[in-house]
């Protein structure tokens, strides 16, 4: 799964990983990408799309949480949908859309650091 989130892959593979492995909904991905749900379905079938950058950012954040934070896919999904103190209580999915990649990536790094500290204790 990490290879599909991080590596060289088609947009269709990325969307399938986000929806099947991380249990994100097509409508959540559509809102993030700024397209309709129908476009997400088309991208899944055809594997192409111009607005895939935000979805690739989402994949990179999810990969970080799994790889460095040791989170399971279900925990990543919950993290993305939950209010986050490092994002002024915004949900990471919403913050990624409105604030961009860097603040959400930084919040994910902070979550990984917190998990590492907890594991070391």
Is it the case that the range 57-66 has a residue that's outside any helix (DSSP H, G or I) and surrounded by fewer than 21 Cβ atoms within 10 Å (Cβ to Cβ)? no
Odd one out for residue 44 among (1) at pLDDT 95 or above; (2) buried (at least 18 other Cβ atoms within 10 Å of the Cβ); (3) touching a helix residue (DSSP H, G or I) at 6+ places or on another chain (Cβ under 6 Å): (1)
Out of 106, 75, I need the residue that is within 19 Å of residue 2 (Cβ to Cβ), part of a helix (DSSP H, G or I) and free of Cβ contacts under 8 Å to residues at least 40 places away in the same chain. Which one? 75
Looking at (1) closer than 18 Å to residue 27 by Cβ; (2) surrounded by 12 or more Cβ atoms within 10 Å (Cβ to Cβ), which is the one condition that is false for residue 38? (2)
Could you grab me the full set of residues in the range 78-93 that are assigned to a loop (DSSP other than H, G, I, E, B) and either out of contact with any helix residue (DSSP H, G or I) (no Cβ under 7 Å at 6 or more places or on another chain) or within 15 Å of residue 5 (Cβ to Cβ) (or both)? 82, 83, 88, 89
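The values are calculated or read from the model by the stated rules, or taken from the named source; none is laboratory data. Keep in mind that this is a model prediction, so the values were computed, not measured. Positions of Cβ are generated from backbone atoms using ideal geometry, with glycine treated the same way; all protein chains shown enter the neighbour counts.
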